[in-house]
Number of protein chains: 2
Amino acid sequence: MTLLTAGILIIGDEVLSGRTQDTNSNYIAKNLTSSGIKLEEIKIVQDQKDHIVNSVKLFSDKYSYVFTTGGIGPTHDDITSESIAEAFNKKYEINKEAFNILEKYYPEGEFNLSRQRMAKMPSDAQLIYNPITAAPGFIVNNVYVFPGVPKIMEVMFSNVLKNLKKGKPKKIITINTNLYESKLAPFLNEIQDKYKECSIGSYPYFNFLSKTGGVNISISSWTMDSLDDVEKEISEMIKLNGGNYSIV
Amino acid sequence: MTLLTAGILIIGDEVLSGRTQDTNSNYIAKNLTSSGIKLEEIKIVQDQKDHIVNSVKLFSDKYSYVFTTGGIGPTHDDITSESIAEAFNKKYEINKEAFNILEKYYPEGEFNLSRQRMAKMPSDAQLIYNPITAAPGFIVNNVYVFPGVPKIMEVMFSNVLKNLKKGKPKKIITINTNLYESKLAPFLNEIQDKYKECSIGSYPYFNFLSKTGGVNISISSWTMDSLDDVEKEISEMIKLNGGNYSIV
């Protein structure tokens, strides 16, 4: 089975300025991981056409799936749709189905030119329906285009996910311990060398109030049937070194 | 005056798997913006040497400053330092100052080989001191290398920031209104066309409890002396269209 991969492209001046904390990529990341799709890269770019065009092309060639969020609203700074049309040499034009959806959604006389802009997409785009504020996202080739508002994006993404081809979910176990990373390191090295099919990561943390810290050790694998042996070996090692551990 | 620019490189399998919500880039982003340094790109890559090497080279050529977080701990999956050495064709070797700092920090006999690994850096690296857990970050050329643990990264970053060359801070005003984006769009288009030196962004939000939404309109400029005229024009426009507004 070929591994399914993904890249996320966040289109967002507001994230780059620090005004907004991006949470969309974390939401998508979690869902991809549990669906057996390996997220390999996240990129946050400016609201600039050439940057979006180049990144979309690159990601579309590299990954099984590309997810973009942001820049499909009605204002002048919403340039995602036309950028994606350009990336795939498609016309940027009114999508009739999207136009009809939006026309029905707005009170008579309020479906103005700006709002009509939200119906403009690359030709032959397949719509992603928006059950909350009507304005749809869309799919072109392997690129899935979502709005930036997290609550709306999340509902639309979870609908799209149902129809995505999934892989074998990545197995993950996380072990928490009060031992320090540098104490654990030589032992984790050895265990990693023994089990090449899994990836052992160690993520230290530090609590400023209590002046104590520890490590979360994550064992993960896309291919192993069970992580039990690795888990057991790490837990034993922690005990032998006088530490506490728990599975989190 | 040339505009100072920056790129952030987050080295983090744990972010890509969705296990960790990255907050480091938001912390750095806010501080850069208020220091007059324009953050142009954030990239989150896997803990893989070739990815890190290529991204560091690219970013170092493109931006005035590059900031990386993650992957400088003592374990096998910490490969940032050796990757950066490779990116700049430098030796990856024990930094004597870092070695001495770490040797003093650990109780006698506990400065083991794994811990000594944290003293290995590209040759001629300049240290970034770590007042919390001792293990330093470092600077090579225009690349600033920080650990991934947010609380530690933040303290170290704010010390580094004091010595960075800063630009004229970007001016930003945010106006909140209860009007919808698609209502505002044609007017914002016109105002944007009139004031080319600023960037007007509109960020819709939606509250699911109250089923109401609105827009935050952000006016920003790296070059204008005052945004007052733009702010006034937008506020008047909102009033004329029957909306409320407030400066946030």
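We did not get these values from a lab; they are worked out from the coordinates using the rules stated. Not measured: the values here are computed from a predicted model. All Cβ positions, even for glycine, are placed from backbone atoms using ideal geometry, and neighbour counts span all protein chains on display.
Structure above, values below:
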quantity	calculated
Against the rule of thumb 2.2 N^0.38 Å, how large the Cα Rg of chain B comes out	1.25
Magnitude of the charge dipole, the protein assembly as shown, Cβ model with Lys/Arg +1 and Asp/Glu -1, debye to 20	200
Entries in A:Lys170/B:Lys38; A:Lys151/B:Lys194; A:Lys57/A:Lys168; B:Lys165/B:Lys232 that, when Cα-Cα distance is taken, lie over 29 Å	A:Lys170/B:Lys38; A:Lys151/B:Lys194; B:Lys165/B:Lys232
Antiparallel DSSP beta bridges within chain B, percent to nearest 5	65
Built amide H within the under 5 Å cut-off of B:Gly213, gap 5+	B:Asn207
Cut-off 12 Å between beta-carbons: net charge of the residues surrounding B:Glu14, Lys and Arg +1, Asp and Glu -1	-2
Whole-Å distance, taken between Cα centres, linking the range A:215-233 and the range B:33-77	29
Label-point gap, in nm, between A:Lys30 and A:Leu161 - each point 7 angstrom along Cα→Cβ	0.9
GNM top mover of B:Met224, B:Met153, B:Met118 - chain B, alpha-carbon springs below 10 Å	B:Met224
Between 0 and 90°, nearest 10: helix A:181-194 axis offset from chain A longest Cα axis	80
P(r) weight above 45 Å for the protein assembly as shown, C-alpha pairs, percent	18
B:Tyr106-A:Glu108 pseudo-label distance in nm [points 7 Å out on the Cα-to-Cβ vector]	7.9
Per-residue average of Cβ from other chains inside 10 Å of A:24-37	3
Virtual spin-label span in nm between B:Asp124 and B:Lys194, 7 Å along Cα→Cβ	5.4
For A:Thr5, distant residues with modelled amide H under 5 Å away	A:Lys38, A:Ser64, A:Tyr65
Summed residue charge, Cβ within 10 Å of A:Glu41's Cβ, Lys/Arg positive, Asp/Glu negative	+2
The range B:137-248, Cα convex hull volume normalised per residue, Å³	161
Chain A, closest residue to the rotation axis toward B, by beta-carbon, whole angstrom	A:Lys43, 3
Exercise: per-residue mean of other protein chain Cβ atoms within 10 Å, B:69-80	5
Qualifying trypsin sites (Lys or Arg not before Pro) in the range A:132-183, DSSP loop, other Cβ atoms within 10 Å at most 14	A:Lys165, A:Lys166
